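Only one structure is covered here, and it is reproduced in the block below.
Each reported figure results from applying straightforward, stated rules to the coordinates on display, with no laboratory input. Computed from a predicted structure; not experimentally measured. Here the Cβ positions follow ideal geometry from the backbone for every residue, glycine too, while neighbour counts run over all protein chains shown.
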Amino acid sequence: MMHLFINALAASAGGGLTYIRNLLPQLAATPGLQVSVALAPGLREELREWANISYYSIDAPAGRRFWFEQRGLPGLIRQSGADVLLSAGNFALRKSPVPQILLSRNSIYTSGDYYKDLLSRQEYRAYLDTRVRAVLAKKSIRWADVTVAPSQAFAAELTRWTGRSVCAIHHGFDLNAFTRDSSPMSEQVQEKFRNSEGSFRLLFVSHYNYYRNFETLIRALPRLRARFNGRVRLLLTCKLAAGENPGSYNPESAGRLVKELGAEDMVIELGAIPYGKLHQLYRRADVYVTPAYTETFAHPLVEAMACGLPVVASELGVHREICEGAAIYFPRFSADELADRILQVSSSPELTKRMAVAGLERSIRFSWKNHADALLKLASALVESKGRGMLDVTEFSRHMNVA
């Protein structure tokens with residue numbers, strides 16, 4: 001029996017939450033596996049009980065989390081009797097008492113565009129904080145026995161950044177679990193949908209943050225208004241006002257831009273939508289769009305494809321890897337070309353149908369079970385290689401075909 005310890009203290013929003021929510025059920029169904037999970041109290045409340053999974057609910061504020069992990073977690077890992085540590089939040093333990101797999105899934109540390117963006121916004125404190133975190137993230141890749149990235153494109157970027165081989169294992173998707181909740185969305189959200197009836201609906205699923213490049217999407221709206229005679233709406237799962245979103249990103253500049261462009265009637269701020277109800281959004285929209293200028297995997301792309309929604313995405317290696325021919329692409333900072341791609345899809349029912357079919361076929365390739373199986377094989381290989389030198393990550397990736 002193998003015992004896996006998961007450090008999920010950083011799972012608080014977005015991809016981190018999606019990852020833990022979907023990984024644990026797969027691990028729970030794995031015979032001969034014991035799992036211990038360190039996580040924040042808020043996340044613990046929404047997770048099920050499983051016979052082979054135990055939880056350590058730890059209240060470690062974000063500002064002190066890294067230091068708690070370095071000093072407090074090693075003793076907890078020893079106490080649990082774990083064989084392997086899975087560090088799921090971009091930072092590794094410097095002195096892990098057991099072999100350690102690091103999940104690295106934050107591309108802002110390697111993104112020149114992100115640093116330029118922070119400086120242009122005069123976010124100097126955030127700039128310095130990110131630079132410090134980038135140093136720790138880079139060291140973490142050296143501290144870990146193996147680092148895993150959720151896409152080949154990002155794994156290659158990390159390898160260039162650190163000089164260390166990084167293993168790629170795609171994140172997964174479970175359509176049945178994703179669409180299981182058929183209960184209606186809140187009356188407030190349904191009312192907003194009723195008000196958008198008869199319009200061409202664009203959907204962007206994301207909390208507000210800078211690297212998702214909301215401003216480029218907003219700048220495309222006036223041109224779309226002219227071509228759709230005003231009958232186009234952008235649905236956002238966030239609100240463009242201070243204090244309305246998780247994290248420290250300030251959405252007020254995006255809110256001001258909407259007003260400056262006279263696009264208030266075109267932007268529908270739905271606010272945060274429970275994960276189990278997101279499929280209802282995808283199935284009511286006409287096009288899924290993402291203008292992100294950096295990315296590591298992008299779960300909403302797979303969710304959109306699985307729901308038969310055509311995708312318009314910024315020209316990133318990660319986006320091309322995930323969607324392949326199920327999306328059309330535009331230069332990440334070009335609002336005009338983004339508008340052109342949306343118009344291209346909207347004007348061609350044949351293209352829309354072809355993209356929807358390709359997306360459905362592509363989404364099937366992503367499986368949480370396959371992800372968990374590859375992760376556990378990697379953990380087993382680490383345990384077996386303990387005391388016999390470092391595992392050859394490149395050879396393992398080639399042999400397992402984990403990406």
- Item | Convex hull per residue volume in Å³, alpha carbons only, for region 176-363 | 111
- Could you give the size of the charge dipole of the chain about its Cα centre, using +1 on the Cβ of each K and R and -1 on the Cβ of each D and E, expressed in debye and rounded to the nearest 20? 600
- Filter the DSSP H helices in the chain by two things, a Kyte-Doolittle mean of at least 0.0 and an axial alpha-carbon span of 18 angstrom or more, and list the hits by number. 14-28, 368-385
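Given +1 on the Cβ of Lys and Arg, -1 on the Cβ of Asp and Glu, and no further charges, what dipole in debye does region 176-363 carry about its Cα centre, rounded to the nearest 20? It would help to have the intermediate numbers written out before the result.
Values: 23 positive and 22 negative charges, 65 e Å.
The calculation lands at about 320 debye.
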- Message: Positive end of the dipole of region 176-363, charges at C-beta (+1 Lys, Arg; -1 Asp, Glu), about the Cα centre: which of 204, 344, 326 has its Cα farthest in that direction?
- Response: 344
- Query: Between 130, 41, 195, whose Cα lies farthest towards the positive end of the dipole of the chain when Lys and Arg beta carbons carry +1 and Asp and Glu beta carbons carry -1, centred on the Cα centre?
  - Reply: 130
- Message: Given Cβ point charges of +1 (Lys, Arg) and -1 (Asp, Glu) and nothing else, what value in debye, to the nearest 20, does the dipole of region 69-170 about its Cα centre take?
- Response: 340
- CD proxy at 222 nm, helix term only [per DSSP H run n ≥ 4: -39500 (n - 2.57); per residue of the chain; nearest 500]: -13500 deg cm²/dmol
- Regarding the chain, what is the average projected area of its C-alpha convex hull, in nm²? 19.0
- Item | Once exposed loop GluC sites (Glu not before Pro) are cut out (DSSP; at most 11 other Cβ, 10 Å), longest piece of the chain | 50-196
- Note on the structure: Under a Gaussian network model of the chain whose springs join Cα atoms within less than 10 Å, the largest fluctuation of 383, 132, 37 belongs to 132
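Output the antiparallel fraction of DSSP beta bridges having both residues in the chain, as a percent to the nearest 5.
Values: 1 of 41 bridges.
Given both bridge residues lie in the chain, the antiparallel proportion sits at roughly 0 percent.
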- Note on the structure: Counted neighbours (other Cβ, 10 Å), sorted fewest up, put 373, 265 in the order 265, 373
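Which longest uninterrupted range of the chain lacks any trypsin sites (Lys or Arg not before Pro) assigned by DSSP to a loop state (not H, G, I, E or B) and surrounded by at most 15 other Cβ atoms within 10 Å?
Values: sites that count: 48, 94, 95, 121, 164, 180, 231, 283, 365, 386, 388.
Result, exposed sites excluded: 284-364.
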